[in-house]
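Worksheet for the structure shown next.
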Amino acid sequence: MKTTLITGASSGIGFELAHILADEKSDLILVARNKEKLLDLAENLKLKNAINVRVIAKDLSQLSEVKELVEELKNEHIHCLINNAGFGYFGPFNECQWKTTEDMMELNMTTLTYLTHCFLPKMLENSGGKILNVASVAGFLPGPNMAVYYATKAYVLHFSEAIAQELKGTGVTVTALCPGPTESQFMDVSGMGESKLVKGRKLPTSKEVAEYGYKAMMRGQHVAIHGWGNYMLSVLPRLFPRRLITMVVGIIQQK
Ligand SMILES: NC(=O)c1ccc[n+]([C@@H]2O[C@H](COP(=O)([O-])OP(=O)(O)OC[C@H]3O[C@@H](n4cnc5c(N)ncnc54)[C@H](OP(=O)(O)O)[C@@H]3O)[C@@H](O)[C@H]2O)c1
């Protein structure tokens, strides 16, 4: 039986990925802060699929807690690592609270990189493994009114692509999943639900995005952009001056 570690499994895309992996009969380790939600999910998945599901509640924006998680898992062989936990922060940079900004950078970038660094060696020893890093179409663009979030996703995208190339031929694949705006708690947590970009728009569901990401991970695709509209957004910076693109993103991301 294979084991999958999913961060941010208590809601949205991570929650749906947990269902998909459970249907594929993978044992699961589910991590997020909300222990009750994780326990509910674990009970459901165990009943339905006869798999082992372990729940570990941690605040992954705190490196000390990330290190505790790694220590708890030091004897586990993680076959599949899904670095999904992340959040956004909507608003002009000068109005953003530093603590929230710092936590977002820690969670979206440092934790993802650290967990990859910790679990990759065993995957390489076993000549196989899958890593899915949830980036965003935001990773292709500068994002006025969400400047730091967009920049964290550019990091995730470039980091993932680079190590995917380094790992070619090892049996370990790395996929950067790049959703566009998606229906989940993300909109409320980030405050982005108020922006022109998403307000009143029908968004893809977390389930659709999770299914797309799972298939891309299984194929070992390096970058997986969900939806043709998001694909078009991702190529814009190659077709038009960066300054123009930044201005347009700034306009559609106003309240
Ligand atoms: N929704 C979108 O429009 C969209 C678009 C592109 C990319 N993404 C990316 O997709 C990923 C999943 O987001 P989602 O849309 O599914 O949003 P979501 O519904 O808000 O889910 C985020 C998950 O991350 C966990 N999380 C947040 N902060 C955490 C922390 N400090 N420590 C541990 N876990 C934490 C949350 O659990 P707890 O609150 O229980 O900790 C939750 O399980 C994120 O990386 C996001 O950046 C989302």
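The values are calculated or read from the model by the stated rules, or taken from the named source; none is laboratory data. None of these values were measured; they are calculated from a predicted model. All Cβ positions, even for glycine, are placed from backbone atoms using ideal geometry, and neighbour counts span all protein chains on display.
Quick test for you: out of 248, 189, pick the one residue that is in a helix (DSSP H, G or I) and touching a Gly at 6+ places or on another chain (Cβ under 8 Å).
Within the list 248, 189, the selection yields 189.
How many residues does the range 121-149 contain that are without any contact (Cβ under 8 Å) to a residue 40 or more places away in the chain and over 15 Å from the mean Cα position of the chain (by Cα)?
Final tally of qualifying residues: 2.
Only residues that are in contact with a Ser or Thr (Cβ under 8 Å, 6 or more places away or on another chain) and within 8 Å of the ligand (Cβ to nearest atom): list them for the range 183-206, please.
Listed by number, the residues that qualify are 183, 184, 185, 203, 206.
Per-residue answers, yes or no, for (1) modelled with pLDDT under 95; (2) farther than 18 Å from residue 6 by Cβ:
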{"position": "34", "(1), (2)": "no, no"}
{"position": "49", "(1), (2)": "yes, no"}
{"position": "54", "(1), (2)": "no, no"}
{"position": "67", "(1), (2)": "no, yes"}
{"position": "73", "(1), (2)": "no, no"}
{"position": "94", "(1), (2)": "no, yes"}
{"position": "98", "(1), (2)": "no, yes"}
{"position": "108", "(1), (2)": "no, no"}
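What are the pairs with Cβ atoms under 8 angstrom where one residue, in the range 79-108, is under 16 Å from residue 186 (Cα atoms) and touching a residue at least 12 places away in the same chain (Cβ under 8 Å) and the other, located anywhere, is of a type in the set (Asp, Glu) and surrounded by fewer than 17 Cβ atoms within 10 Å (Cβ to Cβ)? Sequence gap at least six, or different chains.
90/194
Output the residue which, of all residues in the range 20-41 that are more than 13 Å from the ligand (Cβ to nearest atom) and in a helix (DSSP H, G or I), is nearest to residue 207 (Cα to Cα).
Among those that are more than 13 Å from the ligand (Cβ to nearest atom) and in a helix (DSSP H, G or I), it is 20.
Between residues in the range 43-62 that are of a type in the set (Asp, Glu) and residues that are surrounded by 14 or more Cβ atoms within 10 Å (Cβ to Cβ) and assigned to a helix (DSSP H, G or I), which pairs lie under 8 Å by C-beta distance while being six or more apart or on different chains?
59/65
So, residue 117, is that one under 18 Å from the mean Cα position of the chain (by Cα), away from the ligand (no atom under 14 Å from the Cβ) and either among the polar types (S, T, N, Q) or surrounded by fewer than 18 Cβ atoms within 10 Å (Cβ to Cβ) (or both) or not?
Yes, satisfied.
Which members of the range 198-213 meet the condition of being at pLDDT 95 or above and out of contact with any strand residue (DSSP E or B) (no Cβ under 8 Å at 6 or more places or on another chain)?
207, 208, 210, 211
Got a sec? Which of 172, 235, 209, 248 is away from the ligand (no atom under 14 Å from the Cβ) and crowded, with 20+ Cβ neighbours inside 10 Å? Even if it seems obvious, please write down each step before you answer.
Working: 235 fails: crowded, with 20+ Cβ neighbours inside 10 Å; 209 fails: away from the ligand (no atom under 14 Å from the Cβ); 248 fails: crowded, with 20+ Cβ neighbours inside 10 Å.
None of the others qualify; the one that does is 172.
In the range 49-78, how many residues are buried (at least 20 other Cβ atoms within 10 Å of the Cβ) and of a type outside the set (A, V, I, L, M, F, W, C)?
So the count comes out to 2.
Of the residues that make up the range 124-137, is at least one assigned to a helix (DSSP H, G or I), within 11 Å of the ligand (Cβ to nearest atom), in contact with a Gly (Cβ under 8 Å, 6 or more places away or on another chain) and under 21 Å from residue 250 (Cβ atoms)?
yes
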